[in-house]
Amino acid sequence: MMKLRANNALTGWLMVSPLALVLLAFLVAPIVMISIVSFWRATEFSIIPDFVWENYEFLFGSSVTYRVFFNTFKYALITWAFTFAIGFTVAYYLAFHIRSMTWQVALFLLCTIPFWTSNIIRMISWIPFLGRNGIANSALMSWGVIDEPVEWLLFSDFAVILAFVHLYTLFMVVPIFNTMMRIDKSLIEAARDGGANGAQILWNVILPLTKPGIMIGTIFVTTLVMGDFITVRFMSGSQSANVGRLISNDIALLQYPSASATAIVLLLTVLIVIGILLRFVDIRKEL
């Protein structure tokens, strides 16, 4: 009996070892290396392997850091609000208003078609639409809504958030739709037979049962927005910054220790946010 258990344990370790090696080589090792470099010292001409806290002291001692982190959280929160509203609505319509499974799959695939192209292409496509002489301003002026072009449509926080919502809404639609499809329709029928109206069914039945999907979508959207830097750079016209832009600028200036320290702080911040989110729901049931 003991020999059989030992063989089963050995078989389990052998099965998991390839994935463990991949994670160690491509996830754990880079994070450890970034952590080590974050304590090194950098001058204008060289990087000195050392163990100093000056990168973190400079990071937390600068008011720019707090403004940039505030911007990052602002983009993540607003983007989450819009992606959740759009994603929940789309998923709800597909799951409960489309009766045919064929049409559900077809419409779901239709939602994914724009995501077959590069994020960069989809993001840049907003520039000629939102520009001063772009399609949006031209249409509004031709309809008599405005007398002169609106300046804040492009190279502003509005443009950044619009691009984020466009890029990441699907990451909210997919997990919510997947969770809604698992809801037993008899629960909804029972609630309706019990006298509940549509709003009560949505709030007391569908929303609680959709929490795992909402949480997975929230984790996807918030982590992607907090780690993004290219969208903020292009859509704000380099007038705004987030933590990703801060890291990108340090790398461009060859200040790798400073960039590593900022990356570690961002990683810890994202892990804290995910940890807080996981306190509200057990997504292991969904996985």
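The table below lists the values:
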{"read-out": "Tabulated pairs, region 37-48, first under 20 Å from Ala263 (Cβ atoms), second among the polar types (S, T, N, Q) and part of a loop (DSSP other than H, G, I, E, B), C-beta under 7 angstrom, 6+ apart or interchain", "value": "Ala42/Gln255"}
{"read-out": "Some residue of region 252-268 being touching a residue at least 60 places away in the same chain (Cβ under 8 Å), over 19 Å from Val32 (Cα atoms), buried (at least 21 other Cβ atoms within 10 Å of the Cβ) and out of contact with any Asp or Glu (no Cβ under 7 Å at 6 or more places or on another chain)", "value": "no"}
{"read-out": "Condition broken by Leu254, with the remaining ones in (1) on the phi > 0 side of the Ramachandran plot; (2) in a helix (DSSP H, G or I) satisfied", "value": "(2)"}
{"read-out": "Filter pass, Phe69 being over 20 Å from Leu254 (Cα atoms) and either surrounded by 10 or more Cβ atoms within 10 Å (Cβ to Cβ) or not β-branched (Val, Ile, Thr) (or both)", "value": "yes"}
{"read-out": "Condition met for Val221 (in contact (Cβ under 8 Å) with a residue 60 or more places away in the chain and either closer than 29 Å to Trp53 by Cα or surrounded by 15 or more Cβ atoms within 10 Å (Cβ to Cβ) (or both))", "value": "yes"}
{"read-out": "Unique residue being of a type in the set (A, V, I, L, M) and in contact with a Ser or Thr (Cβ under 8 Å, 6 or more places away or on another chain) when the list is Val150, Val105, Val64, Val165", "value": "Val165"}
{"read-out": "Helices (runs of 4 or more DSSP H) enclosed by region 97-205 - at least 2 residues per element that are of a type outside the set (Ser, Thr, Tyr) and in contact with a Phe, Trp or Tyr (Cβ under 7 Å, 6 or more places away or on another chain)", "value": "119-124, 135-142, 157-168, 170-181"}
{"read-out": "Residue check, Phe171 on the phi > 0 side of the Ramachandran plot and either free of Cβ contacts under 8 Å to residues at least 24 places away in the same chain or surrounded by 18 or more Cβ atoms within 10 Å (Cβ to Cβ) (or both)", "value": "no"}
{"read-out": "Close pairs (7 angstrom Cβ cut-off, 6 or more residues apart or separate chains): over 16 Å from Val174 (Cα atoms) and touching a residue at least 24 places away in the same chain (Cβ under 8 Å) in region 198-213, polar (S, T, N, Q) and not in a helix (DSSP H, G or I) anywhere", "value": "none"}
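Each value in this text was obtained by applying a stated rule to the coordinates, not by laboratory testing. No experiment lies behind these values; they were computed from the predicted model shown. Because the Cβ atoms are built from the backbone with ideal geometry, glycine has one as well, and the counts that use them run over all protein chains shown.
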